[in-house]
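A.B. asks: First, the structure itself, so that you have it in front of you.
The values are calculated or read from the model by the stated rules, or taken from the named source; none is laboratory data. Keep in mind it's a predicted model, so treat the numbers as computed, not measured. As a convention, Cβ positions derive from the backbone with ideal geometry for all residues, glycine included, and neighbour counts pool all protein chains shown.
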Amino acid sequence: MSQPRSQKKRPAILAASVAALLSLGILLAAPHAAADEYWDGTITEGSGLPNGKGGDGTWDASSANWVDASGNNPHTYDPTELTVFSTIGGSVFVQGNLSFTALRFDVDHYVINSGASGKDEATLAPTGIATITGQTAGTDSILNVNLVGSGGISIAGPGAISLAGNTPIPAALR
């Protein structure tokens, strides 16, 4: 028994509908997945070192001292990405008021300071409940910068994270 004419048209109509939705970017649109960005210290052209050069430097919104896991593709800080401090510890000076969604410290001896002179010139604002992770046991990283805003933080991992700046975030959100 053959199919009624209306049922024969359904696959063609479905295919045309899917093609139209794909062309509009509506179908199969997935949320942007967070990527990792690695601290490249004072290098702004990309060190080429896996996980970035690390070490001392200035963290601001305009310097291209962040790279991908291969140490390439230098770019400015993106607060929506997982921010990773790896390779070698150092003194990092925050310039301006920056937000973050997740920070990870893979090695010992990172100190995140406020402003070039270490004064209360800069802030970090967690977006939502931002995670700060001490990735490696036996390591210690210090956030000597003011944490501000309506977001909260979650401390994770086996490494120690010390909050030395003024952190008015309610204890329930830390």
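A.B. asks: Can you tell me which residue among 78, 56 is over 24 Å from residue 129 (Cα atoms) and either surrounded by fewer than 19 Cβ atoms within 10 Å (Cβ to Cβ) or among the hydrophobic types (A, V, I, L, M, F, W, C) (or both)?
C.D. replies: Unique residue meeting the criteria: 56.
A.B. asks: Can you name the number of the only condition in (1) of a type in the set (Gly, Ala, Ser); (2) modelled with pLDDT of 95 or more; (3) surrounded by 21 or more Cβ atoms within 10 Å (Cβ to Cβ); (4) under 15 Å from the mean Cα position of the chain (by Cα) that residue 99 fails?
C.D. replies: (3)
A.B. asks: Same structure again: Return the pair list, or none, for Cβ contacts closer than 6 Å from residues in region 139-166 that are over 17 Å from residue 123 (Cα atoms) and free of Cβ contacts under 8 Å to residues at least 40 places away in the same chain to residues that are part of a strand (DSSP E or B) and among the acidic types (Asp, Glu), at least 6 apart or on different chains.
C.D. replies: Close Cβ pairs satisfying both conditions: 160/140.
A.B. asks: Test of understanding: among 91, 141, 117, which residue is small (Gly, Ala, Ser), under 20 Å from residue 55 (Cα atoms), modelled with pLDDT of 95 or more and surrounded by fewer than 20 Cβ atoms within 10 Å (Cβ to Cβ)?
C.D. replies: Within the list 91, 141, 117, the selection yields 91.
A.B. asks: State the number of residues belonging to region 120-138 that are crowded, with 20+ Cβ neighbours inside 10 Å and outside any loop (DSSP other than H, G, I, E, B).
C.D. replies: 6
A.B. asks: Being in a strand (DSSP E or B) and hydroxyl-bearing (Ser, Thr, Tyr) narrows it down to one residue among 70, 63, 99; which is it?
C.D. replies: Going through 70, 63, 99 in turn, just one is in a strand (DSSP E or B) and hydroxyl-bearing (Ser, Thr, Tyr): 99.
A.B. asks: Another question, if that's okay. Residue check: is residue 67 crowded, with 19+ Cβ neighbours inside 10 Å, closer than 25 Å to residue 162 by Cα, among the aliphatic types (A, V, I, L, M) and modelled with pLDDT of 95 or more?
C.D. replies: So residue 67 does not fit the description; no.
A.B. asks: On the given criteria, is residue 49 buried (at least 20 other Cβ atoms within 10 Å of the Cβ), of a type in the set (A, V, I, L, M, F, W, C) and closer than 28 Å to residue 158 by Cβ?
C.D. replies: Here the answer is no, as residue 49 does not meet what is asked.
A.B. asks: Residue 110 is checked against (1) surrounded by 22 or more Cβ atoms within 10 Å (Cβ to Cβ); (2) farther than 23 Å from residue 49 by Cβ and fails just one. What number does that condition carry?
C.D. replies: Single failed check for residue 110: (2).
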